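Visitor: I am attaching a structure below and will ask some questions about it afterwards.
The values are calculated or read from the model by the stated rules, or taken from the named source; none is laboratory data. For clarity, every value in this text was computed on a predicted model and none was experimentally measured. Don't worry about glycine lacking a Cβ; one is built from the backbone with ideal geometry, like all the others, and counts go over all protein chains shown.
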Amino acid sequence: MTKHDIYDEIEGFQVWNYMDCDNDDEGWETWRINVEVKRGSEVVVPVVACDRTYVDRGLAQVAGREVGARLIAGAGL
């Protein structure tokens, strides 16, 4: 399993996207994301596990940003 953790700055928050990738028997990738929102070292939205999967890392990164933006808006931050 491949792990790739990145963050983006959105409205002064760090949106952490914890991505895991599994390869099937034919070599196809399946990416899963978990998203967390922090302000500095303080966690303001705990890790949210997303139920969708993505066929490549780029799509998983974009999805993580979108989920993070929705979490920030939904939390009224």
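Visitor: Would you check which residues across the stretch 21-32 are of a type outside the set (Val, Ile, Thr) and part of a strand (DSSP E or B) and list them?
Guide: Correct list: Cys21, Asp22, Asn23, Glu29, Trp31, Arg32.
Visitor: Of all residues in the stretch 1-20, which are in contact (Cβ under 8 Å) with a residue 40 or more places away in the chain and not in a strand (DSSP E or B)?
Guide: Listed by number, the list holds a single entry, Glu11.
Visitor: Within the stretch 21-33, does at least one residue satisfy the condition of being over 13 Å from Ile6 (Cα atoms), without any contact (Cβ under 8 Å) to a residue 24 or more places away in the chain, out of contact with any helix residue (DSSP H, G or I) (no Cβ under 9 Å at 6 or more places or on another chain) and among the polar types (S, T, N, Q)?
Guide: yes
Visitor: With the requirement that a residue be within 11 Å of the chain's Cα centre (by Cα) and either surrounded by 14 or more Cβ atoms within 10 Å (Cβ to Cβ) or without any contact (Cβ under 8 Å) to a residue 24 or more places away in the chain (or both), what does the stretch 34-51 give you?
Guide: Passing the criteria: Asn34, Val35, Glu36, Val37, Val48, Ala49, Cys50.
Visitor: Which condition from (1) assigned to a helix (DSSP H, G or I); (2) closer than 19 Å to Met1 by Cα is the one that Ile72 breaks?
Guide: Exception for Ile72: condition (2).
Visitor: Regarding Trp28, is this residue under 13 Å from the mean Cα position of the chain (by Cα) and either surrounded by 12 or more Cβ atoms within 10 Å (Cβ to Cβ) or at pLDDT below 95 (or both)? Steps first, answer last, please.
Guide: Numbers: under 13 Å from the mean Cα position of the chain (by Cα): no; either surrounded by 12 or more Cβ atoms within 10 Å (Cβ to Cβ) or at pLDDT below 95 (or both): yes.
The answer is no for Trp28.
Visitor: Then there's this: Would you call Ala60 among the aliphatic types (A, V, I, L, M) and within 14 Å of the chain's Cα centre (by Cα)?
Guide: Values: among the aliphatic types (A, V, I, L, M): yes; within 14 Å of the chain's Cα centre (by Cα): yes.
Against the criterion (among the aliphatic types (A, V, I, L, M) and within 14 Å of the chain's Cα centre (by Cα)), Ala60 qualifies.
Visitor: Identify, by number, the condition in (1) free of Cβ contacts under 8 Å to residues at least 60 places away in the same chain; (2) surrounded by fewer than 17 Cβ atoms within 10 Å (Cβ to Cβ); (3) in contact with a Phe, Trp or Tyr (Cβ under 8 Å, 6 or more places away or on another chain) that Leu77 doesn't meet.
Guide: (1)
Visitor: One residue is enough: does the stretch 33-56 have a residue meeting the conditions among the polar types (S, T, N, Q) and part of a strand (DSSP E or B)?
Guide: Scanning the stretch 33-56 turns up at least one residue that is among the polar types (S, T, N, Q) and part of a strand (DSSP E or B).
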